[in-house]
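The structure appears below as structure tokens.
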Amino acid sequence: QSACCVCAEPQPIGRPLLCFPCGHAVCLDCFKTDASARLSDGRLVFLADRGLTMDCPAHNCRSTNRYLGDAHAFRLLGAESYERVKLLGAQRALLTAEAGHVMCPLCSAQYELPASSEVQQVTCESGLGGCGAQICLSCRALAHAGSCVETNVESVVEDSNPERQSMSTIRRTSKPCPRCRAPTERNGGCMHMTCRLCCQSWCWICQLEWSEQCQTNHWFG
């Protein structure tokens with residue numbers, strides 16, 4: 001007999017257990033309860049080589065190999081939850097890629113972000129397969145005069161390319177984290193944001209690191 005690392009209940013021979021790479025095993029009931037709670041609370045972890053996953057539920061497991069290796073295990077949560085896991089994983093992958101790169105809104109060529117945060121725009125290099133367009137690094141749209149918000153609202157165009165449509169939607173509905181530039185969407189509450197990629201605490205209004213001045217002047221706008 002084997003025991004579940006969460007409830008410690010001995011499992012009859014022949015009853016399936018879910019094994020984590022670290023060696024711990026969890027019964028299916030405990031896995032579904034724990035994984036569902038993490039999905040609901042936004043506590044699933046994104047790893048570049050595995051997508052959206054979770055670490056071992058065993059108490060104090062600190063193994064470097066503690067993350068679930070097969071995302072198909074989330075099928076145990078049911079079709080609706082599994083589809084949500086796949087969608088969130090795809091979104092997180094897109095945001096992770098977008099965090100360190102800029103994509104030309106015209107030709108979709110991608111470049112690494114400049115090391116200096118003082119650079120305001122880049123050129124889509126034609127010699128690297130680009131089109132020569134100037135790109136604003138604040139909103140990831142074509143370089144423009146005036147504020148990014150005003151310009152983006154006025155310049156929304158139809159595009160049949162699904163990837164560019166997704167990027168366009170992200171740019172219109174989000175603001176970049178001031179540290180890693182990951183697009184962040186605000187869906188209510190106060191103006192105090194926390195980036196899920198780099199954990200930077202920042203202000204939605206001034207788009208700078210959160211400070212006492214932000215809390216005093218525009219906690220709720």
With +1 on the Cβ of every Lys and Arg and -1 on the Cβ of every Asp and Glu, and nothing else charged, how large is the dipole of the stretch 2-77 about its Cα centre, in debye rounded to the nearest 20? 60
Net length gained if the chain between Leu47 and Arg15 were fully extended (0.36 nm per residue, minus Cα distance): 8.5 nm
Rounded Å value of the spacing that divides the Cα centres of the stretch 3-22 and the stretch 24-59: 15
Dividing the alpha-carbon Rg of the stretch 2-77 by 2.2 N^0.38 Å yields what? 1.05
In nm, to one decimal, how far is the Ala143 label point from the Gln207 one, both placed 7 Å along Cα→Cβ? 1.7
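Only the coordinates and a few stated rules stand behind these numbers; no lab work does. It should be emphasised that the depicted structure is a prediction, and the values quoted were computed from it without experimental measurement. For neighbour counting, all protein chains shown are included, and Cβ atoms are generated from backbone atoms with ideal geometry for every residue, glycine included.
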